[in-house]
Structures are given as structure tokens and as C-alpha cells.
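Contents: one structure, followed by commentary.
What follows is calculated from the coordinates using simple rules that are stated; it is not laboratory data. Since the model is a prediction, treat every value here as computed from it, not as a measurement. Here the Cβ positions follow ideal geometry from the backbone for every residue, glycine too, while neighbour counts run over all protein chains shown.
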Amino acid sequence: MNLKDKKITVVGLGVSGLSAAKLLLRAGANVSVTDNGNGDNLHKNKKILDGMGIKKVETGNHTEGFIKGSEMLIVSPGVDTNSLPILWAEKKGIPIIGEIELAFSFCKAPIIAITGSNGKTTVTTMTGELLKAGGIKSYVCGNIGLPFVEIAMDANAGDVVVLEVSSFQLARTINFKPKVSVILNVTENHLDKHENLQEYLDSKLRIFKNQSAGDRTVLNYDDPILKGAGKGLISDVLYFSRFKKVRGAWTDEDAIFLNVDGTKVKICTKGEVSLKGEHNIENIMAAVLLASCFNVHPNTMRKIVTNFKGLPHRFEYVGSKDGITFINDSKSTSVGATIRALESMELPVILIAGGRDKGSDFTLIKNLVREKVKEVVLLGEAGPKIRKALDGVTGFKNADSMDEAVQCAYTSAVRGDCIMLSPMCASFDMFHNFEERGEEFKKSVRRICGKPE
């Protein structure tokens, strides 16, 4: 993409917007940036841009005149489709792309693109570790933290980019074409931002839209939405499954196997895996399948997946007290994610749930709650909606803070129970992010367990 001397406006001055502006400057574009926020981080980023010679930066509000004459808009992740600059650009016929599309147009390295409702960050991180152990230089980036635009110009043809992408990022792609793509699962999520489940799914399916015969698409055979998604694709389609022997990765006889080229290879047994939960077995199968596309040796895979400890706030064991186990699953911000967590539980559960609703249907978890949950401690804005959806299948308590929620759950628990934070909701009603929510949960658990901060 030749952007030399073209007037390009970046919408959003967070981490991705700052990185996009840097890339555009390197590409010789005439860069401007607009953000209607006014926080300390924005002012810090504005100073950074000023030091780089990017003087046209608008914060605090959006003005229509600011984008006048722009030849393209670059939209940062999380910018709403109804944001004023987007509406103005659409009215003026100005092309709009996301930062993933921008980065792709400058990236020489093959890309492994990973999306799904749940498990993206775990699979992205593990895949990066597998490639690294296999002697392959890789960049782990995207929705996981480091923006793709930050490294796009520096990745060489012999490297591999391991890219976590969300539905919002994929929605703004045009020519994006990963060498290997994977959709881990699709459950109801982000319906506060997407019009309906079909629109959400359509965004996910864009991940393999441009793939050709030399590329590979990896799908979850056990997901009823994805099982048939590979029909008609010209890319090489591989699957992973916990229940059926497929071309790809599967579990059988309590072990994980791989077969891509006609040779069956045992990776490891389930018992050798450090990660807990059947959903993490799926994540491991996806990661080893992705690594196999770049010829990582099975012995290397076994070493990595059996020692991989997982990531904070994702079905994370925190501690135990008086025979009561505490699990921090703060990253489960959707009903589907909590379903996967509960399916992996063998102990009776006291569930801490609630937060900011994302347009979810909480009745989807009703049968599983009846089967596995002794009590739900409700926290945050969505508490009344969750209570109404699950009325009659379990008991409820209300809490006004995380510490109160943990204390309520502990009072109700007996030896052999598990207290699990798995909110089914976003965190923004009470916390800055899911990490802060998870850390508050862990602090409360440590106080109960008598461990120092």
C-alpha cells in the first residue's frame, strides 16, 4: 500500500492508534489523529506524536472539519461503528479500514490468525511458545496486547506473526489474508455491539475470506456452528475435536493425537497437561495443530504443552482453605465462556457472577447451573437480570463489592466446594478491566487463606 504524502486520519489514540500513527509516519503519510477522550494516557500519547512531528491531533471531541480532505480513515479497535468520524467518512465516501488491515498491507511475514469467542489469548500465547521452542522467530500480537501495526514493518518473510483478532478487528478488514487461520468456537457474545449473532458470526468468518489453496483453515469440529463452515473453502481445512477422529488433532484413549499428513502422532496424555479443564484440552489441540503447520516437532510440542501453566484470570487456581477451592475465571465475560468453565468443574460450585451486561441471554446456562451450581452470588449491574433468568434453579445472594461477594460465598461453602468467579459480564460497571476484577478477587481469597498480599 503506497501511502506516501496521502492524508490519513487515525480514529483513536490508545495503544493501537499510537502505533498506527507511527507506521503511517514511516510510510510517508500525512498523519492526523482524533480521539474524543481526555484522559492522562491520551495526553501522554499526544505528546509522543508531537515529538515525532505529528502536530494535527484532536482530543476531547470530534469535529467534522478535522477529517476534511482525508483520503483514508484508520479505525482503532473498540471504536464504535456509530462514532462521528466514521459516520462523517461514510457520508463523504472516505475509505475506512481497521489497524489490522493497515498492518497486513505492510507485513512480509506469514500470519497465523486466531479468533473465537473464548480461548483466543491462551491459544495465541501457547502457539507463540511452540514456535519459539521450534526455533522459529515469532511475533505474538494483536488483541493480546502488542498491536499488529507496531511490528508489521519489522517482521521478515522468515518470521511468523501469531495474531489474536477480535470480531471488531475482522469487521474492518478487506484484503487481510493469513497463511493459517483458526476459529476456536462461536458462542453468543458482544451482542451489545453486534446487531445479532449472525452479524457477530459473519465478522468471525471474514478470517478465511481471502485464503487460497496454499493456505490452511483450522476449525472446531465439535462446534455446531463451525463444523460445516469449511465446506466450499479452497484452503486446506483441518479440524480439532474432543469426540471424533478428524484430520487434524483429536483426543482418544485419554491422549491428544495429531494427524495432518497421514501419520498419527501422540502428543501427550491429558494427565500430563498442567492446564485444567476440557476447554483447555481444546485450546491445546488448536495450538499444536497451528504449530504443526510450521513443522514444529511433536517432541517439542509435548514439552511445551505439558509445562504450560496458563494465563492469569483464565480458570486460574488461586488457593484453598478448609477444603474449599477458589478459582479466578474473571476473563469469562460471556455466558459461553462460563458454560465452558462449569463444564470442566467436578466440584459443586458457588458462582460469583455479574457485571455489565453485553446483551447476553443468561437462560442459556440454566440447565448447567441447576446441575452444578449450589448458589450464585450476584455482583454489579446485571445481577437482577441474571437472577430473573436463573430463578428457580439455584439460590442467590447479593453483594456490593468483590470482597463482600467472596465472603458471602465462603460463608455458604463447605468442604469439597469450589468458589469460582466467572462473571458472564464485562467488568466496566465496577472495575477498569477484567484484570483488575480478577486481582480484587485474588486479594479477597488471600485474606481468607491467611496469605500475605
Inter-site label distance for ALA157 and LYS55 at 7 Å from Cα along Cβ, in nm: 4.1
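Report, in debye and to the nearest 20, how large the dipole of the chain comes out about its Cα centre when Lys and Arg carry +1 and Asp and Glu carry -1 on their Cβ. Mind dumping the intermediate values first?
Numbers: 59 positive and 53 negative charges, 183 e Å.
Result for the chain is approximately 880 debye, rounded to the nearest 20.
If r is the Cβ-Cβ distance from ASP322 to SER274 and R0 is 25 Å, what FRET efficiency results, to the nearest 0.05?
Values: r = 25 Å, r/R0 = 1.01.
The pair ASP322/SER274 has a calculated efficiency of 0.50.
Can you tell me what percent of all Cα-Cα pairs in segment 7-94 are more than 20 Å apart? Provide the component values of the computation, followed by the final result.
Details: 921 of 3828 pairs.
Every Cα pair in segment 7-94 considered, those over 20 Å come to 24 percent.
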Sorted by packing (mean other beta-carbon atoms within 10 Å per residue), highest first, where do 97-103, 361-367, 200-206 land? 97-103, 200-206, 361-367
Say each of ILE174 and LYS108 gets a label point 7 Å from the Cα, pointing the same way as Cα to Cβ; how far apart are those two points in nm? 2.4
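ASN41 to LYS264: extension gain in nm, 0.36 nm per residue of separation minus the Cα-Cα distance? Write down the numbers at each step before the final one.
Numbers: separation 223, 0.36 × 223 = 80.28 nm, distance 5.12 nm.
Here the segment from ASN41 to LYS264 would lengthen by 75.2 nm.
Kindly state, to the nearest 0.05, the FRET efficiency for ASP254 paired with LYS303, given R0 = 30 Å and r defined as their beta-carbon distance. Each step should come with its number before you reach the end.
On the way: r = 19 Å, r/R0 = 0.65.
For R0 = 30 Å, the calculated efficiency reads 0.95.
Could you give the dipole magnitude of segment 135-233 about its Cα centre, charging the beta-carbon of Lys and Arg +1 and that of Asp and Glu -1, in debye to the nearest 20?
Taking the Cα centre of segment 135-233 as origin, the dipole is about 380 debye.
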Taking neighbour counts of Cβ atoms within 10 Å as a proxy for exposure, in what order, fewest first, do TRP88, TRP250 appear? TRP88, TRP250
So if I place +1 on the C-beta of Lys and Arg and -1 on the C-beta of Asp and Glu, and nothing else carries charge, what would the dipole magnitude of segment 7-94 be about its Cα centre? I want it in debye, nearest 20. 320
Pop a pseudo-label 7 angstrom from the Cα along the beta-carbon direction at both LYS91 and ASP202 and give the gap in nm to one decimal. 2.4
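Would you mind checking LYS22/LYS47; LYS22/LYS46; LYS92/LYS204; LYS22/LYS177; LYS331/LYS451 for any pair whose Cα atoms are more than 21 angstrom apart?
Details: LYS22/LYS47 13 Å; LYS22/LYS46 12 Å; LYS92/LYS204 28 Å; LYS22/LYS177 23 Å; LYS331/LYS451 23 Å.
Correct reply: LYS92/LYS204; LYS22/LYS177; LYS331/LYS451.
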If you rank VAL273, VAL160 by fewest surrounding Cβ atoms within 10 Å, what's the result? VAL273, VAL160
P(r) for segment 316-449, please, calculated from all Cα pair distances in 10 Å bins and given in %. 14, 52, 32, 2
Picking from SER166, ILE256, THR121, whose Cα lies most toward the positive end of the charge dipole for the chain (charges on Cβ: Lys, Arg +1; Asp, Glu -1)? ILE256
Pulled fully out, how much extra length does the chain show between LYS6 and LYS245, if you take 0.36 nm times their separation in residues and subtract their Cα-Cα distance? 80.8 nm
Relative pair counts by distance (%), Cα atoms of segment 107-307, 5 Å bins: 1, 8, 17, 21, 22, 16, 10, 4, 1, 0
Between VAL414, VAL335, GLY383, whose Cα lies farthest towards the positive end of the dipole of segment 333-453 when Lys and Arg beta carbons carry +1 and Asp and Glu beta carbons carry -1, centred on the Cα centre? VAL414
Between the alpha-carbon centers of segment 74-125 and segment 296-342, tell me the distance in whole angstrom. 28
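Considering the convex hull of the alpha carbon atoms of the chain, report its projected area averaged over all viewing directions, in nm², one decimal.
Working: hull surface 89.4 nm².
Answer in nm², one decimal: 22.3.
Any chance you could run the full-extension gain for ASN82 through GLU381? It's 0.36 nm times the residue separation minus the Cα-Cα distance, nm to one decimal.
Values: separation 299, 0.36 × 299 = 107.64 nm, distance 2.41 nm.
Result: 105.2 nm gained on full extension.
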For the pair SER344 and ARG446, what calculated FRET efficiency results from E = 1/(1 + (r/R0)^6), where r is the Cβ-Cβ distance and R0 = 22 Å, to the nearest 0.05? 0.40
Per residue, what volume in Å³ does the Cα convex hull of segment 228-307 take up? 91
